[in-house]
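Following: one structure in structure tokens, then a few remarks.
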Amino acid sequence: MEYRRIPHSNLEVSELCLGTMTWGEQNTQAEAFSQLDYAIGEGINFIDTAEMYPVPPKADTQGETERILGNYLKKSGHRDKLIIATKVSAPGPKSDFIRPDMALDWRNIHQAVDTSLERLKIDTIDLYQIHWPDRNTNFFGELCYQQVDDNEQQTPIIETLEALASLVTAGKIRYIGVSNETPWGLMKYLQLAEKHDLPRVISVQNPYNLLNRSFEVGMAEISHREEVPLLAYSPLAFGTLTGKYLDDKWPQGARLTLFKRFSRYTGTQIALEATKAYVELAREFKLSPAQMSLAFVTSRKFVASNIIGATDLKQLKENIDSINTCISPELMIRLDELAQIYRLPCP
């Protein structure tokens, strides 16, 4: 396992990060504990969660993932070995049950941090992230920006930054990040932080995988030149890049079998064709499709950590073993050729 320092911080994160969004929905606490034990044993020191988790978000399970992680930290005594990241939810139908009058303002952010700290049973959150923007823009699979001129409700980014700054000063969070952001949004955070001497965003957590390389269009250059690396989520495109859903197969207990609403990577013919092409390419090179897909993401220079997830230890072992898979120059050429044929099939 390699470790990568996130610029403008003292965080040295493992090249793979353990995602947690299935804990409390598809995984029990005991299963989550087993995942953590195995991942930490393999060298992972970075754990990512959110106040909204588990997913799909529901009022009766919201916060359960953080509670499970907190129980593990208390029982194991591993807190000092780990970098803990979580997120605050922004307004929207996915989060309107979390707090009344949702916004990314001082009240909401302070309340969210205090509640997350209580569930996690820790004193300080290492990386606190804005889960998605509090404004009308394109994210969660939306490619085209739609201008809204009237009655747009949003919390000014400066107000969000000032709330986060007060929490850094109080010692409740160490560093801040954003998630599901656009190029304009990330640059605005950086501009305002520099202008007003506020905490600098050190990372951006956006989707990135072989079916969705939209990060490369406008965000990768910012990551490089402004030193704000990517924490890549959904590197297996909801598991579709394993090939297990091809030919209209729906394995029992699999995520997309249980939750048909997640059609981002299966809902179009081009998505299915692209998936099949990548799976066949992996097999041509005698590689596991999952490990090839993960190794591609981990190998990118703008990626600080690749957020993997699993619902059982067999999957987790295969995913972690992807660090031993090499993307050869020949394979990279072939992957880029497929990317030209299937341009952003699943943004």
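The values are calculated or read from the model by the stated rules, or taken from the named source; none is laboratory data. What you see is a predicted model; the values in this text were computed from it and never measured. Note that each Cβ is placed from the backbone with ideal geometry, even for glycine, and that neighbours are counted across all protein chains shown. All accessible areas refer to the heavy atoms of the entire protein, side chains included, with ligands and DNA or RNA removed. Shrake-Rupley method; radii C 1.70, N 1.55, O 1.52, S 1.80 Å.
Out of Gly41, Gly24, Gly77, one residue alone is at positive phi and either more than 20 Å from the chain's Cα centre (by Cα) or of a type in the set (Lys, Arg) (or both). It is Gly77.
Please enumerate the residues belonging to segment 127-139 that are of a type in the set (S, T, N, Q), buried (at least 17 other Cβ atoms within 10 Å of the Cβ) and either modelled with pLDDT under 95 or more than 30 Å from Gly218 (Cα to Cα) (or both). Listed by number, the list holds a single entry, Thr137. When segment 46-69 is filtered for residues that are open to solvent by less than 40 Å² (accessible area, probe 1.4 Å), within 16 Å of Ser89 (Cα to Cα) and hydrophobic (A, V, I, L, M, F, W, C), the ones remaining, listed by number, are Ala50, Met52, Val55. For segment 109-117, check the following and say yes or no: at least one residue is part of a loop (DSSP other than H, G, I, E, B) and of a type outside the set (Gly, Ala, Ser). Checked against the condition, which is being part of a loop (DSSP other than H, G, I, E, B) and of a type outside the set (Gly, Ala, Ser), segment 109-117 yields no hits at all.
Quick grid of which residues meet (1) surrounded by 18 or more Cβ atoms within 10 Å (Cβ to Cβ); (2) under 16 Å from Gly243 (Cα atoms):
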position	(1), (2)
Leu281	yes, yes
Phe285	no, yes
Ile323	yes, no
Met332	no, no
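When Asn136 is tested against (1) in a loop (DSSP other than H, G, I, E, B); (2) within 24 Å of Asn10 (Cα to Cα), only condition (2) is not met.
Count of segment 226-260 residues, restricted to those that are within 20 Å of Asn212 (Cα to Cα) and not in a helix (DSSP H, G or I), is 16. Taken together, Arg300, Arg334, Arg283 contain a single residue that is out of contact with any Phe, Trp or Tyr (no Cβ under 7 Å at 6 or more places or on another chain), of a type in the set (D, E, K, R) and within 13 Å of Tyr208 (Cβ to Cβ), which is Arg300.
Just one of (1) crowded, with 21+ Cβ neighbours inside 10 Å; (2) in contact with a Ser or Thr (Cβ under 9 Å, 6 or more places away or on another chain); (3) more than 21 Å from Asn180 (Cβ to Cβ) fails for Tyr72. It is (2).
In segment 310-321, of all residues being out of contact with any strand residue (DSSP E or B) (no Cβ under 8 Å at 6 or more places or on another chain) and not in a helix (DSSP H, G or I), the one that is surrounded by the most Cβ atoms within 10 Å (Cβ to Cβ) corresponds to Ala310. Based on what the data block shows, is Thr124 of a type in the set (Ser, Thr, Tyr), farther than 25 Å from Gln29 by Cβ and surrounded by fewer than 19 Cβ atoms within 10 Å (Cβ to Cβ)? No: the conditions fail for Thr124. Counting only residues that are among the hydroxyl-bearing types (Ser, Thr, Tyr) and outside any loop (DSSP other than H, G, I, E, B), segment 145-177 holds 4 of them. Residue check: Glu142 meets all listed conditions (1) in contact with a helix residue (DSSP H, G or I) (Cβ under 9 Å, 6 or more places away or on another chain); (2) open to solvent by 50 Å² or more (accessible area, probe 1.4 Å); (3) among the acidic types (Asp, Glu); (4) part of a loop (DSSP other than H, G, I, E, B) but one, namely (1). In a residue-by-residue description of segment 253-275, the property of being among the aliphatic types (A, V, I, L, M), farther than 25 Å from Tyr38 by Cα and crowded, with 22+ Cβ neighbours inside 10 Å applies to at least one position.
Number of residues in segment 271-286 that are of a type in the set (D, E, K, R) and in contact (Cβ under 8 Å) with a residue 24 or more places away in the chain: the value is 2.
In the set (1) in contact with a helix residue (DSSP H, G or I) (Cβ under 9 Å, 6 or more places away or on another chain); (2) of a type outside the set (Gly, Ala, Ser); (3) within 21 Å of Gly141 (Cβ to Cβ), Ile176 fails one condition alone, (3). The condition of being in contact with a helix residue (DSSP H, G or I) (Cβ under 7 Å, 6 or more places away or on another chain), open to solvent by less than 20 Å² (accessible area, probe 1.4 Å) and modelled with pLDDT of 95 or more holds for only one of Ala90, Ala112, Ala32, Ala103, that being Ala32. Answer with yes or no whether Val228 is over 16 Å from the mean Cα position of the chain (by Cα), among the aliphatic types (A, V, I, L, M) and within 20 Å of Val297 (Cα to Cα). No, not satisfied.
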